[in-house]
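Inspection log for the structure reproduced underneath, given as structure tokens.
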Amino acid sequence: MRAPALPELLPPPNAPALPDLAMAPLADVSASGAVDTSEQYISFTAAVANVGDGALLVHAVRADERGRWRVSQRFDEPDGSLSEKVAGGDVVWGGHGHGHWHVHMGASYWLTRPGSNDRLRRYDKVGFCFFDQAPLVVQPSGSLSRPRFPKTGCNGEARLEFTMGLSPGWADPYPWTLPDQRLRVDGLEDGVYRLWATADPAELFRETDEVNNLTWIDVRLTLSVAPPRAEVIRRGPAGASTWVT
């Protein structure tokens, strides 16, 4: 019996409107310690934003519930049609309170000393269910686009096809309360550390600018006290503004 086939790809991009993924400033930075262990964490809210002219439009399809996902990026063309190219990567069913599909690109977070490239701690986020969650305070085009991608776009564990995305001028914040929005810091000395965050670290998606995918903050960690403390003392550049809460 022949295995089910995937649908054909749409035509390749011609003159697509491209997104521009950027990290918004990190927020809600705090340190904490576990009650019954020696584990200590730095937690933070991070948001990937779209400051480009075009939407980030991610399409995933599989032939059956056991099949491998084909992940592609779709684009709006000037004539109103859609084009498409395979993006690579994968999607996973989210845990940790995420009852929906995640595209496996998301963001990476790591900790260094200022001026050093040695990564003392690192966490690769499983992925994102992109949707138009919060408008940016500063709009890249001067006017807010209407939300196009709902939160429900990633739902349905048994579904065979879905589309998620991020419209221009919108951000998708992941709050500090989620388990994958923190780094373990126990074992580190008190002092100043640099916390980095980047969107699309594998550069799976086509966009206008890869440089603004990265942001950082310097944090003074005091881990020798209970509870531990974290104080933001310096901020690096961020490619997007904060978002409306």
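When the residues of segment 175-200 are narrowed to those that are surrounded by fewer than 16 Cβ atoms within 10 Å (Cβ to Cβ) and within 15 Å of the chain's Cα centre (by Cα), which ends up modelled with the lowest pLDDT? Please lay out each step first, then the result.
Let us first name the residues in segment 175-200 that are surrounded by fewer than 16 Cβ atoms within 10 Å (Cβ to Cβ), namely 175, 177-179, 184, 186-187, 189-192.
Next, from what is left, pick out any that are within 15 Å of the chain's Cα centre (by Cα): 175, 178-179.
Details: P175: 93, L178: 88, P179: 85.
Per the criteria, the residue is P179.
For T37, only one of the following conditions fails: (1) under 17 Å from R235 (Cα atoms); (2) of a type in the set (S, T, N, Q); (3) open to solvent by 10 Å² or more (accessible area, probe 1.4 Å). What is its number?
Result: T37 passes all but (1).
Can you pull out the residues in segment 85-98 that are open to solvent by less than 50 Å² (accessible area, probe 1.4 Å) and not β-branched (V, I, T)? Write out each step before concluding.
First pass over segment 85-98, keeping only residues open to solvent by less than 50 Å² (accessible area, probe 1.4 Å): 87-92, 94-95, 98.
Across segment 85-98, the qualifying residues are A87, G88, G89, D90, G94, G95, H98.
Just the residues that are under 18 Å from F205 (Cβ atoms) and not acidic (D, E), please, taken from segment 12-35.
Hits for segment 12-35 are P12, P13, N14, A15, P16, A17, L18, P19, L21, A22, M23, A24.
Residue by residue through segment 56-84, note down the ones that are outside any strand (DSSP E or B), at pLDDT 95 or above and either crowded, with 16+ Cβ neighbours inside 10 Å or among the acidic types (D, E) (or both). Spell out how you get there, then give the answer.
Step one: filter segment 56-84 for residues outside any strand (DSSP E or B), giving 62-69, 77-81.
This time we only want the ones that are at pLDDT 95 or above, so: 77-81.
Within segment 56-84, E77, D79 qualify.
Which condition from (1) of a type outside the set (D, E, K, R); (2) open to solvent by 40 Å² or more (accessible area, probe 1.4 Å); (3) closer than 30 Å to T177 by Cβ is the one that P19 breaks?
(2)
Tell me which residues, restricted to segment 135-154, are surrounded by fewer than 18 Cβ atoms within 10 Å (Cβ to Cβ) and assigned to a loop (DSSP other than H, G, I, E, B).
Within segment 135-154, V137, V138, Q139, S141, G142, S143, L144, S145, R146, P147, R148, P150 qualify.
For segment 201-245, give me each residue that is polar (S, T, N, Q), open to solvent by less than 50 Å² (accessible area, probe 1.4 Å) and not in a strand (DSSP E or B). Steps first, answer last, please.
Applying the first criterion (polar (S, T, N, Q)) to segment 201-245 yields 208, 212-213, 215, 222, 224, 241-242, 245.
Now restrict to residues that are open to solvent by less than 50 Å² (accessible area, probe 1.4 Å): 212-213, 215, 222, 241.
Hits for segment 201-245 are N212, N213, S241.
Considering D172, D132, which residue is within 22 Å of W216 (Cβ to Cβ), of a type in the set (D, E, K, R), in contact (Cβ under 8 Å) with a residue 12 or more places away in the chain and crowded, with 20+ Cβ neighbours inside 10 Å?
D172
The values are calculated or read from the model by the stated rules, or taken from the named source; none is laboratory data. Because the structure is predicted, anything quoted here is derived from the model rather than measured. Please note: Cβ atoms are built from the backbone with ideal geometry, for glycine as well, and neighbour counts cover all protein chains shown. Quick note on the areas: whole protein, heavy atoms, side chains included, nothing else; ligands and nucleic acids left out. Shrake-Rupley method; radii C 1.70, N 1.55, O 1.52, S 1.80 Å.
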